[in-house]
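Written out below as structure tokens is the structure these notes cover.
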Amino acid sequence: MRQLPASGVSILDTEEALIRTPGVERNITSAPAPAQEAIRIPPEEAVFRLKDVGAWYGQKHALSDINLDIPLKRVTALIGPSGCGKSTLLRCLNRMNDLIPSARIEGRVEYHGANIYDRGVDPVEVRRRIGMVFQKPNPFPKSIYDNVAFGARVNGIKGNMDEIVERALHQAAIWDEVKNDLRKSGLALSGGQQQRLCIARALAVQPDVILMDEPCSALDPIATLKIEDLIRELTQDFTIVIVTHNMQQAARVSDYTAFLLAAEHGLNGHLIEYGPTTEIFTNPRDRRTEDYITGRFG
Amino acid sequence: MASQPIILRASDAVARRQLVSRLSRYLFLGSTLIGVCVLVVLAYDTIATGASRFSFDFITNYPSRFSEKAGVRPGVLGTLWVLAVTVVASIPVAIGTAIWIEEFAPRNRFITIVKINLANLAGVPSIIYGILGLAIFVRFYDMKQSILAGGLTLALMIIPMTVIAAQEAIRQVPPSLRDGALALGATRWQSVRHNVLPNAIPGIMTGIILAVSRAAGETAALIMIGGFTFIRFDPGPPPVNFDALLDSFTVLPIQIYGYTIDSRREFQANASAGIIVLMIGVMTLNLIAAVIRERFRRY
Amino acid sequence: MSVTPESFGGMTEALRKRALGHPGEVLIMALLVSCAAVSLITTALIVGVLVRESATFFQDVSFSEFFLETEWQPLFEPVSFGIWELVAGTLNVTFWALVIAVPLGLATAVYLSEYAHPNTRKLLKPVLEALAGVPTVVYAYFGLTFVTQEVLRPLLGTENVPVFNALAASIMLAVMILPTIASISEDAMSNVPRDLREAAYGLGSTRLEVAIRVVFPAALSGIIASILLAIARVVGETMIVAILAGSTPNMTLNPLSGVQTMTGFMLQVGLGDTQRGTVDYQALFAVGMMLFLITLLFNIAAYFFVRRYREEYE
């Protein structure tokens, strides 16, 4: 576990560097906007460009003013205390929030230049390219084979299904453990294996991006390490965005980290700081980031 | 590598799948509405045919050769008395059984058999209960084809479903209520009587009312007991004595059946008027049950 | 205050009395157990009555005639007691009732569970439950006065549709069991955990695909239980078939002919004047025995499927 240096860190006083968005009323309890310097644009090609993205659940304003670029074939981590909106933000990236009737999104979420919330965009097309792994492993009550083949079948992916399934299970680093009986039920595996099965299931659809919502929080430390290794491997071919409440995990696994904070639980989540993981953890530019990372709150 | 602009509109394959999905919504909705439609048509047809005959006189008249004068008086009274016997006979037994199974019975193979037995009895055809009642109450206990025999037969028929409903209601009571009482030194019966039962009462009552509603509409079992008779008197009390329960009887559903199969066309209106009377009773009971369930819904 | 040996003995005494409970409680226990015994006694009596009275029947009619003959003609020459003709009648109406009710019931369940807005669901579920409470004699009346006259005959031609036909009975039976199938299946589908649906949507499925390829298979044991219960109810139903399907035994699955079911025959005996002790009267109990065994089979099967579906998700 990496220890963060206690002193010698230069901190910009963000209160004075505030840039307020004109015309929008801010109440005193909302978290102030991040300093420009606190949001760094990655030099790699951007897969996602979020522009002024906000999210509502009914009347509850969950996220506001998110401006962020997610780089290609890197791991980007979203961190922050509970209720800061990181899961909401993740789910904005593949239109999973559509499933919640009261959810509303504003702003632009550009995926390779195309706004996924444009009129006429089909969410099915979006989700084929942007896969998701959930916090609690959720394999279908079907065989291992049918779990992995499900997405491929539904999306009409051509090819030999046996090969597709085997390749996905290899990519998810679980082939050796299950190759002897693919007809076994997905539910008969251990927690860590189930999660890797879910990853294989997402991979079989041949996506471009994989979103992971706290994928290890329900797993034991050994399973967690296996999945973290897997994540690093997967960046050769995929872009990964991972939400985690475990800062050490973010530090271990990600290339870029975004830190979010909300005024109150579930209300007004803002992006405070975003940049290369090494910089965030050794030299954060916003005082609140430093406070969170050193454990003063959260 | 410059990024190519991505088209996220539905491709042909996806568009097809989405279209099928959207159309399926209307298919499923249509299917659902068919059931609703049947209910509506049924209600409309019955009311249209029977409204002319339905009146206070209809309820108070005896059957007659003349369709305009023929009424359902013996059936209504018979139903009331038979249900009275049913309720008195079945409620204590059903509640007692449910309490014993849920609270006191040891958890072993025997209890499983009791539960399976109850589930099966709930599904035994009503005509078989009719045969049972015929053999046991009418013949063996020599109650003859009477209100008492009919009421007891229906009691046996509705006990299983009432037990199952009462079991459900008792199970819904949170364990903390039971444990709290026991921790204070109460005996198990005391915790049941003072903590569990009062909270389970709404659910139990709902179950009882629905079971009685079921018994009110029962025809076949009571035909086997001998309820299909042409009666021109008031079955049952007064006079208020035990012999009154040994009167011959008929019930409303059987009278409806009689009018239905009557080949004389003019009696059809009597059948539908009888149905209106019966449905008013049944729906009132179901409504009361639904109201109780909603009002006391805590979980 | 210390626990002395003497006071300790006194406490044990008090605790022991507590464990036994008040003497009144023993009485209450006995009362409760006897209540539970009623249901066991009921089953014993049913079996006892059916067996004893069937025994009288089987003194006159051989088992081979009962189970191997294909004509059921208890009254007129040539007298024959082949049960299969009645079973065929029951099978006929049951089959066609299921053909109508299973697709409609499951479609209703899928709609309510996967597509309907919560407010729509709140409106429609009570309507379904209202249908479930209608006495069967009402369905019988409706079938007789409306279905055959206004629907079947105009649609299919009066020559093709006899007054008593299995189809009218099947239609009303389907209406009777539709709420059962829809309600229990919808329950089973609603209990499928949300995260399975999310996983499927996340893989790029449409709503229909999620409903049919994930939710439906996951809810299968509950759905099967609902169908088994519906079958048991149809097989045991009397008034609808007696009034609509007729009282002429007929070995056919053709819905457009009159048939007599097991229950229909039993009602006929109950209504009639046949003498106790005669063969045609005692046939009532033999047929009743068959009916009891068949419904027993389906009820027990349903019980195990319900248990399986409850274990999976609760």
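The values are calculated or read from the model by the stated rules, or taken from the named source; none is laboratory data. Small disclaimer: the values here were computed from a predicted structure and weren't measured. With ideal geometry, Cβ positions are generated from the backbone for all residues, glycine too; neighbour counts draw on all protein chains shown.
Brief remarks on what is shown
- Test: B:Leu134 is facing chain C (nearest Cβ under 10 Å) and in contact (Cβ under 8 Å) with a residue 24 or more places away in the chain: yes
- Residue in the range A:199-212 that is surrounded by fewer than 20 Cβ atoms within 10 Å (Cβ to Cβ) and either within 14 Å of another protein chain (Cβ to nearest Cβ) or within 27 Å of A:Gln249 (Cα to Cα) (or both) present: yes
- Some residue of the range B:212-225 being over 23 Å from the mean Cα position of the chain (by Cα), more than 10 Å from chain C (Cβ to nearest Cβ) and surrounded by fewer than 24 Cβ atoms within 10 Å (Cβ to Cβ): no
- Options B:Asp45, B:Asp57; residue that is part of a helix (DSSP H, G or I), under 30 Å from B:Ala273 (Cβ atoms) and in contact with a Lys or Arg (Cβ under 9 Å, 6 or more places away or on another chain): B:Asp57
- Among the candidates B:Gly123, B:Gly78, B:Gly50, residue that is within 14 Å of chain C (Cβ to nearest Cβ) and either buried (at least 23 other Cβ atoms within 10 Å of the Cβ) or closer than 27 Å to B:Gln167 by Cα (or both): B:Gly123
- Total residues in the range C:252-283 satisfying the condition of being in a loop (DSSP other than H, G, I, E, B) and crowded, with 17+ Cβ neighbours inside 10 Å: the figure is 7.
- Which listed residue, of C:Pro78, C:Pro118, C:Pro126, is within 14 Å of chain B (Cβ to nearest Cβ), over 23 Å from C:Ile171 (Cβ atoms) and either among the basic types (Lys, Arg) or surrounded by fewer than 17 Cβ atoms within 10 Å (Cβ to Cβ) (or both): C:Pro126
- Some residue of the range B:75-98 being of a type in the set (S, T, N, Q) and more than 24 Å from the chain's Cα centre (by Cα): no
- Search result, residues across the range A:148-176 that are of a type in the set (Phe, Trp, Tyr) and within 20 Å of A:Lys226 (Cα to Cα): A:Trp175
- Pairing residues of the range C:30-46 that are touching a residue at least 24 places away in the same chain (Cβ under 8 Å) and facing chain B (nearest Cβ under 7 Å) with residues that are of a type outside the set (Gly, Ala, Ser) and surrounded by 14 or more Cβ atoms within 10 Å (Cβ to Cβ), at Cβ distances under 9 Å and at least 6 apart in sequence or on separate chains, gives C:Ile46/B:Leu121; C:Ile46/B:Val124; C:Ile46/B:Ile128; C:Ile46/B:Tyr129; C:Ile46/B:Ile131; C:Ile46/B:Leu132; C:Ile46/C:Phe292.
- Residues that are charged (D, E, K, R) and not in a helix (DSSP H, G or I) within the range C:73-107 comprise just one, C:Glu77.
- Within the range C:48-68, considering residues that are free of Cβ contacts under 8 Å to residues at least 12 places away in the same chain and surrounded by 12 or more Cβ atoms within 10 Å (Cβ to Cβ), the one nearest to the other protein chains (Cβ to nearest Cβ): C:Gly48
- Odd one out for C:Arg233, checked against (1) within 12 Å of chain B (Cβ to nearest Cβ); (2) surrounded by 23 or more Cβ atoms within 10 Å (Cβ to Cβ): (2)
- Elements of type helices (runs of 4 or more DSSP H) contained in the range A:187-277, each with 3 or more residues being within 28 Å of A:Glu45 (Cβ to Cβ), modelled with pLDDT of 90 or more and more than 15 Å from the chain's Cα centre (by Cα): A:191-203, A:221-234
- Among the residues of the range C:290-297, at least one is within 9 Å of chain B (Cβ to nearest Cβ) and β-branched (Val, Ile, Thr).
- Yes/no for A:Thr21 being modelled with pLDDT under 50 and either under 24 Å from A:Asn115 (Cα atoms) or among the small types (Gly, Ala, Ser) (or both): yes
- If the condition is being more than 28 Å from the chain's Cα centre (by Cα), in a helix (DSSP H, G or I) and within 11 Å of chain B (Cβ to nearest Cβ), then the range C:187-230 contributes C:Arg207, C:Leu208, C:Glu209, C:Val210.
- Checking A:Lys136 against (1) surrounded by fewer than 19 Cβ atoms within 10 Å (Cβ to Cβ); (2) of a type outside the set (S, T, N, Q); (3) under 30 Å from A:Cys84 (Cβ atoms); (4) away from chain C (no Cβ under 11 Å), the condition it does not meet: (4)
- When residues of the range A:59-77 are limited to those that are small (Gly, Ala, Ser) and over 13 Å from the mean Cα position of the chain (by Cα), the one nearest to A:Glu106 (Cα to Cα): A:Ser64
- Selection of the range A:107-133 for residues being within 7 Å of chain B (Cβ to nearest Cβ) and part of a strand (DSSP E or B) yields A:Tyr111, A:Ala114, A:Val121.
- Every condition in (1) surrounded by 20 or more Cβ atoms within 10 Å (Cβ to Cβ); (2) out of contact with any Pro (no Cβ under 8 Å at 6 or more places or on another chain); (3) farther than 18 Å from C:Val134 by Cα holds for C:Glu198 except the one numbered (1).
- Condition broken by C:Val137, with the remaining ones in (1) of a type in the set (Val, Ile, Thr); (2) under 25 Å from B:Leu285 (Cβ atoms); (3) more than 9 Å from chain B (Cβ to nearest Cβ) satisfied: (3)
- Checklist (1) of a type outside the set (Phe, Trp, Tyr); (2) within 14 Å of chain C (Cβ to nearest Cβ); (3) out of contact with any Asp or Glu (no Cβ under 6 Å at 6 or more places or on another chain) applied to B:Ala10, failing item: (3)
- Considering residues of the range C:145-162 that are of a type in the set (A, V, I, L, M) and within 11 Å of chain B (Cβ to nearest Cβ) only, the residue surrounded by the most Cβ atoms within 10 Å (Cβ to Cβ): C:Val147
- In the range B:137-159, the residues that are within 8 Å of chain C (Cβ to nearest Cβ) and either β-branched (Val, Ile, Thr) or surrounded by fewer than 24 Cβ atoms within 10 Å (Cβ to Cβ) (or both): B:Ile159
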